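Below is one structure, written out as structure tokens, with a few remarks after it.
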Amino acid sequence: MKTPLRFLAVLFAVAVAATGCSSNNQGDSASPVYLTCDFTLRPAVKNVNDGSLLQFQTTALNSKLKIPTTNSPGAFLDTQVDSYWVVWTRIDGGKTASPSQPFYPGVIVPAGGTSTLSNYPFMTAAALQQPPLNVLFPFNGGVDPETGNAEIRQTGTVTFYGHTMSGQPVTSVPAAFDIVFLYSATAGRIVAAPAR
């Protein structure tokens, strides 16, 4: 009698574990919509000495319905975007990355539609002068001690957070971009490159 009970207990544990692990990122939340993000133009290089925010010319936020419909989804599925976080990681062999930063856009994305953000920030001007980027300034040596290079390469991963007008939480699919940070005595912007 003990053997069948053990078998049922193991079977139950396996079933619980299987339902707890899902790779369907868009389907895991209760919200009927999710967001994706496209950077239509972005700088490939950022001068830490230009005194301005890291901004992209345009960023498209797309609302996707989990169950597409031919009928109008209605304004209750529009998404109010409350914040977005940029998380930085090094891609040049260095260990110290720029700190994560939140931004607060206050934009609405129509259900099943797109909102275009113009010149939204992805790093503050102050963060360009903080570790690890501060070592690129000549008075701090001009070279990253972790790599020995006069530039720092990082990936920024952006996730947008908000809620539908009916109150359900919405999270975007994380979107990533690569930036080369360097120091130039000329404070102007460095040429931008199209998204990859």
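For Pro43, the requirement of being closer than 15 Å to Tyr161 by Cβ, crowded, with 16+ Cβ neighbours inside 10 Å and either among the acidic types (Asp, Glu) or modelled with pLDDT of 55 or more (or both) is not met.
Pick from Gln154, Gln80: which is within 25 Å of Ala185 (Cα to Cα) and polar (S, T, N, Q)? Outline the logic, then answer.
Details: Gln80 fails: within 25 Å of Ala185 (Cα to Cα).
Exactly one of Gln154, Gln80 is within 25 Å of Ala185 (Cα to Cα) and polar (S, T, N, Q), namely Gln154.
For Gln168, the requirement of being farther than 29 Å from Val45 by Cβ and surrounded by 14 or more Cβ atoms within 10 Å (Cβ to Cβ) is met.
Filter the stretch 69-106 down to residues that are free of Cβ contacts under 8 Å to residues at least 24 places away in the same chain and not hydrophobic (A, V, I, L, M, F, W, C) and give me whichever is nearest to Ile152 (Cα to Cα). Going through the qualifying residues, I end up with Ser100.
Please indicate, with yes or no, whether at least one residue in the stretch 84-95 is modelled with pLDDT of 95 or more, on the phi < 0 side of the Ramachandran plot, basic (Lys, Arg) and out of contact with any helix residue (DSSP H, G or I) (no Cβ under 7 Å at 6 or more places or on another chain). Scanning the stretch 84-95, I find at least one residue that is modelled with pLDDT of 95 or more, on the phi < 0 side of the Ramachandran plot, basic (Lys, Arg) and out of contact with any helix residue (DSSP H, G or I) (no Cβ under 7 Å at 6 or more places or on another chain), so the answer is yes. Among what's in the stretch 105-136 and is at positive phi and touching a strand residue (DSSP E or B) at 6+ places or on another chain (Cβ under 6 Å), pick the residue that is surrounded by the most Cβ atoms within 10 Å (Cβ to Cβ). Filtering the stretch 105-136 for residues that are at positive phi and touching a strand residue (DSSP E or B) at 6+ places or on another chain (Cβ under 6 Å), the one surrounded by the most Cβ atoms within 10 Å (Cβ to Cβ) comes out as Gly112.
Remark: pairs (first residue in the stretch 51-68, part of a loop (DSSP other than H, G, I, E, B); second residue modelled with pLDDT under 90; Cβ separation under 7 Å; 6+ apart in sequence or on different chains) = Gly51/Ala187; Lys66/Gln26; Lys66/Gly27; Lys66/Pro32; Ile67/Pro32.
The values are calculated or read from the model by the stated rules, or taken from the named source; none is laboratory data. Just so we're clear, the structure is a prediction, and the values are computed from it rather than from any experiment. In this analysis, Cβ positions are derived from the backbone assuming ideal geometry, glycine residues included, and neighbour counts consider all displayed protein chains.
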